[in-house]
1. For the stretch A:262-270, state whether one or more residues are assigned by TED's automatic domain parsing to the domain that holds A:A41, closer than 26 Å to A:M114 by Cβ and at pLDDT 95 or above.
2. Looking at this structure, is B:A80 within 15 Å of the chain's Cα centre (by Cα) and not assigned by TED's automatic domain parsing to the domain that holds B:K140?
3. How many residues does the stretch B:173-201 hold that are buried (at least 17 other Cβ atoms within 10 Å of the Cβ), more than 14 Å from chain A (Cβ to nearest Cβ) and either part of a loop (DSSP other than H, G, I, E, B) or within 16 Å of the chain's Cα centre (by Cα) (or both)?
4. Quick check: is even one residue across the stretch B:143-153 part of a helix (DSSP H, G or I) and either buried (at least 16 other Cβ atoms within 10 Å of the Cβ) or in contact (Cβ under 8 Å) with a residue 12 or more places away in the chain (or both)?
5. B:A102 fails exactly one of the following numbered conditions: (1) surrounded by fewer than 21 Cβ atoms within 10 Å (Cβ to Cβ); (2) touching a Cys at 6+ places or on another chain (Cβ under 9 Å). What is the number of that condition?
6. Among the residues of the stretch A:285-318, write down those that are aliphatic (A, V, I, L, M), without any contact (Cβ under 8 Å) to a residue 40 or more places away in the chain and more than 9 Å from every other protein chain (Cβ to nearest Cβ).
7. So which helices (runs of 4 or more DSSP H) are wholly in the stretch A:2-115 and hold at least 1 residues that are at positive phi?
There are 2 protein chains.
Amino acid sequence: MNDLPKRVEIHEEGPREGFQIEPPGFSLEDRARLVEALAGAGLAQIQVASFVNPVRVPQMADAAELFARIRKVEGVRYTALWLNEKGFERARSVPQVDIDGALYFYTSDAFSQMNNGASAEEHNRKQIDWIRRYHACGIKVDTAYVMTAFGCHFAGEISEQQLAQTLDLIRAVETEGEVHLERLYLADTVGWANPLSVQRRVELVRRFFPHVRVGMHLHDTRGAGMANALAALQCGVDLFDASVAGLGGCPFSGHAAGGAAGNICTEDLVFMCHEMGIETGVDLEHLIGAAKFAEQLIGRRLEGRLMHSGSLAAYRRQ
Amino acid sequence: MNDLPKRVEIHEEGPREGFQIEPPGFSLEDRARLVEALAGAGLAQIQVASFVNPVRVPQMADAAELFARIRKVEGVRYTALWLNEKGFERARSVPQVDIDGALYFYTSDAFSQMNNGASAEEHNRKQIDWIRRYHACGIKVDTAYVMTAFGCHFAGEISEQQLAQTLDLIRAVETEGEVHLERLYLADTVGWANPLSVQRRVELVRRFFPHVRVGMHLHDTRGAGMANALAALQCGVDLFDASVAGLGGCPFSGHAAGGAAGNICTEDLVFMCHEMGIETGVDLEHLIGAAKFAEQLIGRRLEGRLMHSGSLAAYRRQ
C-alpha cells in the first residue's frame, strides 16, 4: 500500500444527492443548516443543490433560495449541478454558487440517450460547446467526469476498450477546446466497479493522461463501495465524491425498480482515511454530528455506519 | 493485488449472530428454513446456534431442537458456539452438531474478565484444558481465534506488541498441548481494524505461524468492513466469517450503549469475490434469496446492500 496518498480531498454531495430523492417539503432552514454543519466540519467543497427541471425534480426548485440562505465559510466552495444550458444560466444567476467548469462524458449510448437524448458520441462532442460557453463566462475548465465508467444497467459492462475510446475522445476534446484537464473522475454511477477494475481503470486513465489527478465518484450499490475506495487510495487516488450519512440511497425501492443507492458515506471514508494516517482536513466528530442531523431530518435510519457506532476517539482517550 | 487467493472459504454465522440479538420467539421452522436456504446456496459451513446460558440468551435456549429440525445436506458442516464446559457438553449431546475443536485467545484483560471472569493470560492458559477435553472426546484441535485482535472498547487499541505476546502464548499452548494449528483467525470483534492494520497483523501472524491459514472474523462496525476484507484478500487470506444480509447488527441501540454491529455481509463479500474472479462455491442468486428470507423473518430492512440492489447477472444476460 505504498502509494496511499498523504491527503485526500472530498467533494461532499449529500445535500444534493440526499434531498433530490426524498419527497419535497424539507425546509430551506434545515437544508441550509446541514450545509453549514458540513462546512463547519471542515469539508471544503459541498454540492448544495442542482439546477434542473423543477417539474421533474421539484425538490430542487428552490435551489437559488437555498444558496442565498447559507452563511458561507471563507475558503469553502459551494457547488451545484446542472444538465443543460438553461440550468447553467440559472446557476450562474445565483451569486452564491461557486461555478465549476466540469465536462461530462458518457461511455454508454443507452445511458446518454436517457439522460441527454443523444448518443454518447454526440453528447461527448458537445462538450466542446460547453468549453466555449464556460470560457465565454470566464470560467476555467479543468475537470472531466466519465459517467458509468465501469458498467451501466442499460448497456451492461463497459469494457476497458470502451473506456479507452471515451478517454481518447476526451483527449481530442481537450486539444480542440484548448483546455488543460487537471482532474478526471471515474464515476461508478450504478455500482459495477470492483477493486480490480478500479485499479485497472485508474491505470488506464493515467496512460492517457499521465499528469491528471484521478478522482472517484463511487456508489455503494452492492457493498463494495469502501473496498473500491481503498483500491483507488492504493493507486494514489486523492479525490473522492462522498455523501454524508450515505445520503442518496433509496431504501424503499429496489434498484431494479428504479431506486438508487447512495454515494459512499463521507464520515465512514474519513474514518478509514484517518485510521490509515491519510489526512482529510475534516473534524470527524463534527462530521458525525452533521450525519446525525441529516438522519434526524430525513426521519429514518440512514446507511452510514460510523454515525451509529461512534468513532474510536472516546475509547482512545480513556 | 497479486496475492489474491483463487478461492475463499466462508463460515456463515448469520443464524447464530442474527437471532441471538433479536427478541426471542422466531419459530424453529423459520430458523431451520433459513439454515437450509444457506446450505442450498452452497455455503459449506454454517453456524446454526450457540449453546450458552439460556437465562442470559433465551433466544438460543432451543439450540438442540433447532439442530434436530434441519434437513442436512451432505458435505455441509453445521457448527455451534459454546463458551464453557457446560455448553460444550450440551452441544456434544446433540448428534446433529458438527463439533469444531477451536481455541479462543484473548488479547485484552478487560474483555476477557467480562466474557470469562478471568484475566486474558489465565483464560488463554486454560486453552490447554480445552485441548485435553477435546482430545478426550476424539475431537481434532486445529483452529484458534484471537479475539479483539485490533482493539477493544474496554482496553482501547491492542498494539502489535500485545498481539505478538498473545501469538507467542498460542505457540506455547500449541507445543504444550501437542496440537498443530492449521487455521488462525484474527477477530475484529468491535470494529477497530483498518486495511493497514489488517495487512500488518496478518503478516505478524505469518511470522509466528508460517504454515497456518489465516482467517478473518470482521464486523462492519464503522464502515470499513469490506475494505478490511479486501486488504486481507490482498494478503492471500482465504478464510472469512460472514453473516447473511449482515445479520447481527442491532440498529436500535448505539454501539456505545451496548448495541453490536453485524459481521460483514456474506452475499456482499461473495459478490466482491466473484467480481474479482475469486471462487466461493456459492450460488449468489440463491444466497440473495436466503438474505431476503432473513429480512422477511426479522421484519425490518437489514444492512446488506446486494440483496436490495440485485446482482449484475440479469444485466449481463441482456
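1. Yes, the conditions are met somewhere in the stretch A:262-270.
2. yes
3. The number of residues fulfilling the criteria is 8.
4. no
5. All conditions pass for B:A102, except number (2).
6. Once the filter is applied, which keeps residues that are aliphatic (A, V, I, L, M), without any contact (Cβ under 8 Å) to a residue 40 or more places away in the chain and more than 9 Å from every other protein chain (Cβ to nearest Cβ), the stretch A:285-318 yields A:I288, A:A313.
7. Fully inside the stretch A:2-115 and qualifying: nothing.
Okay, residues lined up against (1) touching a helix residue (DSSP H, G or I) at 6+ places or on another chain (Cβ under 8 Å); (2) of a type in the set (V, I, T):
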site	(1), (2)
B:H123	yes, no
B:I139	no, yes
B:V173	yes, yes
B:A187	no, no
B:E203	no, no
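The values are calculated or read from the model by the stated rules, or taken from the named source; none is laboratory data. Keep in mind that what you see is a predicted model, and the values were worked out from it rather than measured. Cβ coordinates were reconstructed from backbone atoms using ideal geometry, including for glycine residues, and neighbour counts include every protein chain displayed.
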